[in-house]
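This report concerns only the one structure given below.
The values are calculated or read from the model by the stated rules, or taken from the named source; none is laboratory data. Bear in mind the structure is a predicted one, so any value in this text is a computation, not a measurement. All Cβ positions, glycine included, derive from the backbone under ideal geometry; neighbour counts span all protein chains shown. For accessibility, only protein heavy atoms count, side chains too; no ligands or nucleic acids. Shrake-Rupley method; radii C 1.70, N 1.55, O 1.52, S 1.80 Å.
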Amino acid sequence: MTKFTGSLMGMGNPLLDISAEVTQDILDKYDVKMDNAILAEEKHLPIYKELVDNYSPQYIAGGATQNSIRVAQWIMSSNGKPGQSAYMGCIGTDAFGKQLEDCAAADGVLVHYMKDEATPTGTCAVLVKGGERSLIANLAAANNFKPSHLETEESKAIYESASVYYIAGFFLTVSVDSLKIVAEHALANNKTFCLNLSAPFIIDFFGDQVATALEYADYLFCNESEAEAYGKKHGLGEDLKEVALKIAASPKKNADRPRTVIFTQGSSSTIVACNGEVKEYKVEPLAKEQLVDTNGAGDAFVGGFLAGLLAGKEVGDCVEAGHWAARFIIQQSGCTLTKACELKL
């Protein structure tokens with residue numbers, strides 16, 4: 001075992017993206033809306049085979065948290081900081097699991113997966129139409145992560161070495177107890193804990209889990225649809241700046257660090273609230289013909305932001321690094337890092 005001495009740790013649901021350009025009839029057939037993220041129900045399960053059989057899909061290492069960690073490491077590597085990140089989640093002992101492991105390793109991320117011999121690796125159908133995307137996640141093995149994995153010697157070495165932790169809200173459907181172990185370690189050692197709300201269904205149906213995790217969050221990320229869903233559910237109004245300020249001021253376990261709330265809004269400005277102040281950061285527009293697909297844009301934004309944070313940058317510079325990373329990713333198919341990172345921190 002190589003002892004991890006890096007600074008960033010992510011924990012989440014590792015999924016192999018099965019990504020394909022589709023037509024409206026497929027979206028209608030499986031009753032999915034564009035720019036949405038859902039968990040697969042019984043009616044959605046045939047879509048994975050249909051994509052493989054009829055659409056010549058791309059297979060891309062995915063899962064929201066893993067994407068963000070890969071992007072952060074890609075940026076850190078180009079700034080002379082290799083081997084700074086690690087990631088945990090649960091996969092199967094199959095070819096898809098091996099593909100995920102190889103992809104993360106190629107991007108310089110140390111993966112310490114829990115492996116489930118009885119369940120296949122999770123997959124995510126990525127339906128791309130006109131540059132927009134819709135996601136249907138079949139968690140499979142990703143659903144079986146257990147707190148016991150955090151008791152292994154390697155896991156402890158990873159989370160004790162790290163100074164910044166990132167967990168997307170999708171993991172709240174899997175193991176809140178595991179999240180709490182990492183978050184409590186961050187709290188006890190005055191380290192930085194980051195959370196993403198991830199999808200409106202997380203806010204609507206996993207409210208208790210969100211409330212538990214939010215108290216630990218030093219940085220909270222979400223996009224405008226998630227911000228709207230949170231504001232609506234908690235009666236915070238429709239003005240997203242007000243919603244951001246109210247979330248920033250909500251109860252927090254580590255009173256020594258003010259909470260920073262970051263709302264991305266696609267090509268519109270990014271809202272940042274902290275300490276009773278709210279700022280907006282413009283997004284540089286991208287010509288429509290340069291847009292390939294938006295899958296992974298939010299994940300890439302977080303990756304850029306985390307890389308900035310670990311480089312000791314101010315929040316505004318972290319947001320700009322996030323914008324840069326998201327802009328790069330939407331010009332690729334999926335969250336693929338096709339060349340050396342040109343961003344200098």
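The strands (runs of 3 or more DSSP E) falling completely within segment 253-345 that include 1 or more residues that are surrounded by fewer than 20 Cβ atoms within 10 Å (Cβ to Cβ), of a type in the set (Phe, Trp, Tyr) and in contact with a strand residue (DSSP E or B) (Cβ under 9 Å, 6 or more places away or on another chain) map to 277-281. Among the residues of segment 58-92, those that are closer than 27 Å to Lys339 by Cα and free of Cβ contacts under 8 Å to residues at least 60 places away in the same chain comprise Tyr59, Gln66, Gly80, Pro82.
Counting only helices (runs of 4 or more DSSP H) that sit wholly inside segment 42-145, those with at least 2 residues that are among the β-branched types (Val, Ile, Thr) are 46-54, 64-78. Exactly one residue out of Ala106, Ala142, Ala157, Ala137 is of a type in the set (Gly, Ala, Ser), under 23 Å from Gln73 (Cα atoms) and touching a Gly at 6+ places or on another chain (Cβ under 9 Å), and it is Ala142. Taking the numbered list (1) surrounded by fewer than 13 Cβ atoms within 10 Å (Cβ to Cβ); (2) in contact with a strand residue (DSSP E or B) (Cβ under 8 Å, 6 or more places away or on another chain); (3) in a helix (DSSP H, G or I) in turn, Asp28 passes all entries but (2).
Ser134 meets the conditions (1) modelled with pLDDT of 95 or more; (2) of a type in the set (Ser, Thr, Tyr); (3) surrounded by fewer than 23 Cβ atoms within 10 Å (Cβ to Cβ) in every case but one. The failed one is (1). For segment 77-103, taking the residues that are over 17 Å from the mean Cα position of the chain (by Cα) and under 24 Å from Gly322 (Cα atoms), the one that is surrounded by the fewest Cβ atoms within 10 Å (Cβ to Cβ) is identified as Gly80.
Summed over segment 96-112, the residues that are under 26 Å from Ser148 (Cβ atoms) and free of Cβ contacts under 8 Å to residues at least 24 places away in the same chain give a count of 4.
Considering only segment 1-25, how many residues are in a loop (DSSP other than H, G, I, E, B) and either under 25 Å from Phe171 (Cα atoms) or in contact with a Leu (Cβ under 9 Å, 6 or more places away or on another chain) (or both)? Steps first, answer last, please.
Taking segment 1-25 and keeping what is in a loop (DSSP other than H, G, I, E, B), we get 1-7, 12-14, 22-23.
Still in the running and either under 25 Å from Phe171 (Cα atoms) or in contact with a Leu (Cβ under 9 Å, 6 or more places away or on another chain) (or both): 2, 4-7, 12-14, 22.
Result for segment 1-25: 9.
Restricting attention to segment 88-107, the residues that are small (Gly, Ala, Ser) and closer than 19 Å to Ile167 by Cα add up to 2. Within segment 178-205, the set of residues being more than 23 Å from Met34 (Cβ to Cβ) and open to solvent by 20 Å² or more (accessible area, probe 1.4 Å) comprises Lys180, Ile181, Glu184, His185, Leu187, Ala188, Asn189, Asn190, Lys191.
For Val128, the criteria (1) crowded, with 21+ Cβ neighbours inside 10 Å; (2) farther than 26 Å from Leu220 by Cα; (3) at pLDDT 95 or above hold in every case but one, which is (3).
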